[in-house]
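Enquirer: Quick one: the structure is below, and I'll ask about it shortly.
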Amino acid sequence: MGQLNATRKAYTMSYYRGQQKQSIRNVTMLAPCIIWVTTGCKRLFGSQEAVDIDNKWLLLAAANDTLAFENMPANELFFSMQLSFFVQPTEALLEQSAKVATQERQYVAVNKALSETLKILSSLNLDLFSVETQEQWLFVLYQQLAEQGYLHRLFPHKSASFCQQVMHYLSKSPDDEHSIERASHHFSMSRATLIRRLKLENTRFRDVLVSVRMNHALGLMQEGIDNQLELSLACGYQSQERFSQRFTQLFGLSPKQYLQTL
């Protein structure tokens with residue numbers, strides 16, 4: 001049960017809300033996660049036709065998956081919870097999941113057992129538990145997902161990809177002045193090696209950094225921070241204009257437009 005990052009959490013819970021429709025593209029998942037829309041609907045756009053995800057379904061996303069979606073409120077409210085995983089399942093569980101899988105869907109129906117487990121995990125004060133105890137709670141959910149043939153969809157690789165490792169490293173301090181040189185030093189490799197390894201996974205350091213910072217921006221806005229200078233600095237940008245440009249280029253709407261939906 002290897003740790004995927006250096007934080008002392010086996011998982012984290014994040015919450016997303018909105019009072020108006022939110023149309024967002026290019027949202028990269030920084031860790032394997034499950035998204036449960038409890039109020040309203042998330043319209044997911046992919047290579048095929050759009051799929052509406054409401055409270056009857058769980059959306060599954062592997063690390064580095066990129067989503068495009070519309071969050072649509074019901075009675076002027078959209079609310080979802082996102083459970084992000086930082087512990088790798090055992091190979092036995094992944095093999096069990098792959099063996100019983102009948103289809104490679106990105107969503108799974110919520111049954112009473114899954115619902116109860118998610119409610120328990122979301123209610124725990126993780127500060128009271130060691131990371132080893134947190135893992136034991138989490139593996140109840142992993143076992144359920146493996147039995148239904150969905151766990152391997154969240155963890156398509158036996159270990160964290162290099163891109164995922166870089167995302168975790170950057171997400172510890174999105175406001176730092178990150179550079180390829182600092183990152184390569186952290187991973188004890190040359191600048192050229194870091195660039196090459198990311199290229200093998202079809203990405204670039206700059207793109208990973210922007211994704212991490214803009215995801216951080218979304219989280220800060222959800223927490224109630226609406227001052228654009230404060231947001232810019234917290235995401236590593238000295239210029240509000242540059243921050244706004246990066247946000248708009250990535251997500252397809254400006255920070256101001258996103259804040260107006262909350």
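Every number here is computed from the coordinates shown, using simple stated rules; none is lab data. Keep in mind it's a predicted model, so treat the numbers as computed, not measured.
Enquirer: So what is log10(I(q)/I(0)) for the chain at q = 0.12, 0.13, 0.14 1/Å, when the Debye sum runs over its Cα atoms only?
Expert: Listed by q, the Debye log ratios stand at -0.76, -0.90, -1.05.
Enquirer: I would also like to ask the following. K21: which lysines have alpha carbons under 24 Å from its alpha carbon, excluding same-chain residues fewer than 8 sequence positions away?
Expert: K21 reaches K42, K56, K256.
Enquirer: Quick query: amide H of R105 versus all other amide H atoms, modeled in the peptide plane; which residues come in under 5 Å with a sequence gap of 5 or more or a different chain?
Expert: Long-range HN contacts for R105: none found.
Enquirer: Still on this structure: For the stretch 162-259, treating each Cα as an identical point scatterer without solvent, what Debye log10 I(q)/I(0) comes out at q = 0.15, 0.16 1/Å?
Expert: Log10 I(q)/I(0), no solvent term: -0.60, -0.67.
Enquirer: Among the lysines, which have Cα under 23 Å from the Cα of K9 when same-chain residues fewer than 8 positions away are ignored?
Expert: Qualifying lysines at Cα under 23 Å: K119, K158, K172.
Enquirer: Related question: So how long is each side of the stretch 61-122 along the principal axes, counting just the alpha-carbon atoms, biggest first, in Å?
Expert: 44, 28, 25
Enquirer: Residue by residue, what Karplus-based ³J(HN,Hα) values in Hz, rounded to whole numbers, does the stretch 178-186 have, using 6.51, -1.76 and 1.60 with θ = phi - 60° and x for Gly and Pro?
Expert: Ordered by residue, 3J(HN,Hα) equals 6, 8, 4, 4, 5, 5, 5, 5, 4 Hz.
Enquirer: Sticking with this one: Output ³J(HN,Hα) for the stretch 221-238: one whole-Hz value per residue in order, computed from phi by the Karplus curve 6.51 cos²θ - 1.76 cosθ + 1.60 with θ = phi - 60°, and x for Gly and Pro.
Expert: Running phi through 6.51 cos²θ - 1.76 cosθ + 1.60 with θ = phi - 60° gives 5, 5, 7, x, 7, 10, 7, 5, 5, 4, 5, 4, 5, 5, 9, x, 10, 7 Hz.
Enquirer: Hey, another quick one. Please list, ordered by chain and number, the residues whose modelled amide H lies under 5 Å from the amide H of S254; skip anything fewer than 5 residues away on the same chain.
Expert: Distant-sequence amide H within range of S254: zero hits.
Enquirer: Sum -39500 (n - 2.57) across every DSSP H segment of at least 4 residues in the chain, then divide by the residue count to get the 222 nm mean residue ellipticity, nearest 500. Spell out each step's value before the answer.
Expert: Working: 11 runs with 113 residues, N = 262.
Using -39500 (n - 2.57) per qualifying helix, the result is -13000 deg cm²/dmol.
Enquirer: Can you work out ³J(HN,Hα) from phi for every residue in the stretch 65-74, in order, using Karplus 6.51 cos²θ - 1.76 cosθ + 1.60 and θ = phi - 60°, giving whole Hz and x for Gly and Pro?
Expert: 5, 10, 10, 10, 7, 10, 8, 10, x, 10
Enquirer: Follow-up. I need the Kirkwood Rh of the stretch 22-171: take the reciprocal of the average 1/r across all distinct C-alpha pairs and report it in angstrom.
Expert: Numbers: mean 1/r = 0.0618 Å⁻¹.
Kirkwood radius, the stretch 22-171: 16.2 Å.
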